[in-house]
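Participant: Structure provided below as structure tokens; questions to follow.
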Amino acid sequence: MSAIENLEIIEKKTLDAISKKATLEELDQLRITVVGKKGSLTQILRSMGTLSAEERPLVGKRANEVREKIEAALLTKKEELAAKELSERIEASALDISLPGRSRPQGHAHVISQIVKEVEEIFIGLGYTVEDGPYVETEYYNFTSLNAPKDHPSRSPRDTFYVVDPTVAHPKEEIDTRKNIISDVLLRTQTSPVQMRTMEKQCPPIYMISPGLVFRPDTPDANHLPQFTQIEGLVIDKGITFGDLRGTLDHMTRALFGNDRRTRYRPHFFPFTEPSCEIDVSCGVCGGKGCRFCNHAGWLEILGAGLVDPNVLQNAGIDPNVYSGFAFGMGAERIAALRYNLPDLRLLTTGDMRFLEQF
Ligand code: PHE
């Protein structure tokens, strides 16, 4: 077969093969076998030296034509296949805009935040202000100014988290027994220090509530949390009596628990109120007959209250001969538990949406 004939065959076969290739990879394989280093056309071009002087220009001319044609065809096909592969890839990963969108669930306030807001609204409706105070308190505001004697058990480091200067070294026994590690800075154990702060800041008449976190070194169980939410209340005005306390707190318990829950006032002791009481609400599970939820008492404690002790008024620079008042403090977690008959306060501190979504 002459070199020219050979070129004709290569040209025809190659152009035919190019038109049939379906992928860029196959096309590249074909390119290598024809115009690659050892390709069939390359070999003919390389063997020009073995041809006679008459044949050489003819074959050379034809060979270049064939090479140009093949290379042009390869390029066109390459562009065509690249465009096809790109559109296939786009199609495979394309969005289906006819599918419904992924909706983001709408959140809502935690049940404790809801209760705080509800209590705020009840008291704002009665003309009270809402006050705030620091979580890190001094011993003076948390205890001393509130008439707590120096040896009151709640001052013990077993009942109060003291904020200790880390640069002061304590012997290991002191740390183990928590003895002597008492500083005058602490995490407030109650919202009552806001009573004193408000009396120092404002002149009577004072009608305020103050919700916020409090901290106690308690191991969490069904009825205790080491961090919980209290709502404090304080009224200072002329001629305030226990009747005002009772009317106000009955109004609040009815608003929170409904008209069918009864209340009872039990004598109690708090250093900063005199007389003091604890207030119970009838059990919502048994209606007051006694069951496991109320420990067979028929009643559940919801708050502490009392008339402001004259010593406290004096500490705040208010004349107890002119003014009197009442104060109360309650736990928001406890209100939630009593209202929704929750068996365990710890449920409120988990992020379990199956529980929280119910409120
Ligand atoms: N601070 C008290 C407590 O934490 C509650 C209380 C507040 C009692 C105000 C009387 C008056 O138990």
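The values are calculated or read from the model by the stated rules, or taken from the named source; none is laboratory data. Being a predicted model, the structure only gives us computed values, none of them experimental. Here the Cβ is made from the backbone with ideal geometry for all residues, glycine too, and neighbour counts use every protein chain on show. Ligands, DNA and RNA are stripped out before the accessible areas are found, and what is left, the full protein with its side chains, is counted by its heavy atoms. Shrake-Rupley method; radii C 1.70, N 1.55, O 1.52, S 1.80 Å.
Participant: Of all residues in the range 50-72, which are among the acidic types (Asp, Glu) and not in a helix (DSSP H, G or I)? Lay out the reasoning, then the answer.
Facilitator: Filtering the range 50-72 down to residues among the acidic types (Asp, Glu) leaves 54-55, 65, 68, 71.
Selection gives Glu54 alone.
Participant: May I pose another question? Which ones in the range 185-211 are more than 13 Å from the ligand (Cβ to nearest atom) and of a type in the set (D, E, K, R)?
Facilitator: Arg197, Glu200, Lys201
Participant: Please work out if Val214 is within 11 Å of the ligand (Cβ to nearest atom), out of contact with any Asp or Glu (no Cβ under 9 Å at 6 or more places or on another chain) and either of a type in the set (A, V, I, L, M, F, W, C) or open to solvent by 10 Å² or more (accessible area, probe 1.4 Å) (or both). Explain how you work it out, then say what you get.
Facilitator: Details: within 11 Å of the ligand (Cβ to nearest atom): yes; out of contact with any Asp or Glu (no Cβ under 9 Å at 6 or more places or on another chain): yes; either of a type in the set (A, V, I, L, M, F, W, C) or open to solvent by 10 Å² or more (accessible area, probe 1.4 Å) (or both): yes.
Yes.
Participant: Inside the range 241-258, can you point out the residues that are open to solvent by less than 20 Å² (accessible area, probe 1.4 Å) and within 18 Å of Gln195 (Cα to Cα)?
Facilitator: If the condition is that a residue be open to solvent by less than 20 Å² (accessible area, probe 1.4 Å) and within 18 Å of Gln195 (Cα to Cα), then Leu245, Leu249 are the ones that fit.
Participant: Keeping to the range 87-119, report how many residues are modelled with pLDDT of 85 or more and among the charged types (D, E, K, R).
Facilitator: Of the residues in that region, 5 qualify.
Participant: Scan (1) open to solvent by less than 60 Å² (accessible area, probe 1.4 Å); (2) of a type in the set (D, E, K, R); (3) under 20 Å from Tyr128 (Cα atoms) for the single condition Arg261 breaks and write down its number.
Facilitator: It is condition (3) that Arg261 fails.
Participant: Related question: How about the range 109-152: which of its residues are part of a helix (DSSP H, G or I), of a type in the set (Gly, Ala, Ser) and open to solvent by 60 Å² or more (accessible area, probe 1.4 Å)? Outline the logic, then answer.
Facilitator: Here is the first cut: in the range 109-152, the ones part of a helix (DSSP H, G or I) are 111-124, 139-142, 144-146.
If we keep only those that are of a type in the set (Gly, Ala, Ser) as well, we get 113, 145.
The one that is part of a helix (DSSP H, G or I), of a type in the set (Gly, Ala, Ser) and open to solvent by 60 Å² or more (accessible area, probe 1.4 Å): Ser113.
Participant: Please find, within the range 290-336, the residue that is nearest to the ligand (Cβ to nearest atom) out of those that are of a type in the set (Phe, Trp, Tyr) and more than 28 Å from Thr349 (Cα to Cα).
Facilitator: Phe326
Participant: Here is a follow-up. Which of the residues spanning the range 153-166 are more than 17 Å from His224 (Cα to Cα), open to solvent by 80 Å² or more (accessible area, probe 1.4 Å) and modelled with pLDDT of 75 or more?
Facilitator: Correct list: Pro153 only.
Participant: Residue under question is Glu274, and the condition is that it be within 12 Å of the ligand (Cβ to nearest atom), within 36 Å of the chain's Cα centre (by Cα) and open to solvent by 10 Å² or more (accessible area, probe 1.4 Å); does it hold? Talk me through it step by step, then tell me what you get.
Facilitator: Details: within 12 Å of the ligand (Cβ to nearest atom): yes; within 36 Å of the chain's Cα centre (by Cα): no; open to solvent by 10 Å² or more (accessible area, probe 1.4 Å): yes.
The answer is no for Glu274.
Participant: Name the residue that is farthest from the chain's Cα centre (by Cα), counting only residues in the range 300-348 that are within 19 Å of Thr189 (Cα to Cα) and open to solvent by 40 Å² or more (accessible area, probe 1.4 Å).
Facilitator: Applying the first criterion (within 19 Å of Thr189 (Cα to Cα)) to the range 300-348 yields 301-306, 308, 312, 327-335, 345-346.
From the residues that got through so far, the ones that are open to solvent by 40 Å² or more (accessible area, probe 1.4 Å) too are 301, 334, 346.
Details: Glu301: 31, Arg334: 22, Arg346: 17 Å.
Residue satisfying both the conditions and the ranking: Glu301.
Participant: Scan the range 339-354 and give yes if some residue there is in a helix (DSSP H, G or I), within 21 Å of His152 (Cα to Cα), modelled with pLDDT of 90 or more and away from the ligand (no atom under 16 Å from the Cβ), otherwise no.
Facilitator: So the first thing to find is which residues in the range 339-354 are in a helix (DSSP H, G or I), and the list is 339-340, 345-349, 353-354.
Then drop every residue that is not within 21 Å of His152 (Cα to Cα), which leaves none.
No, the range 339-354 has no match at all.
Participant: Within the range 26-48, is there a residue that is open to solvent by 60 Å² or more (accessible area, probe 1.4 Å), basic (Lys, Arg) and touching a residue at least 12 places away in the same chain (Cβ under 8 Å)? Full working, then the answer.
Facilitator: To start, the set of residues in the range 26-48 that are open to solvent by 60 Å² or more (accessible area, probe 1.4 Å) comprises 26, 28-29, 31-33, 37-38, 43, 46.
Keeping just the survivors that are basic (Lys, Arg) gives 31, 37-38, 46.
After this cut, where a residue has to be touching a residue at least 12 places away in the same chain (Cβ under 8 Å) as well, the list is 31.
Scanning the range 26-48 turns up at least one residue that is open to solvent by 60 Å² or more (accessible area, probe 1.4 Å), basic (Lys, Arg) and touching a residue at least 12 places away in the same chain (Cβ under 8 Å).
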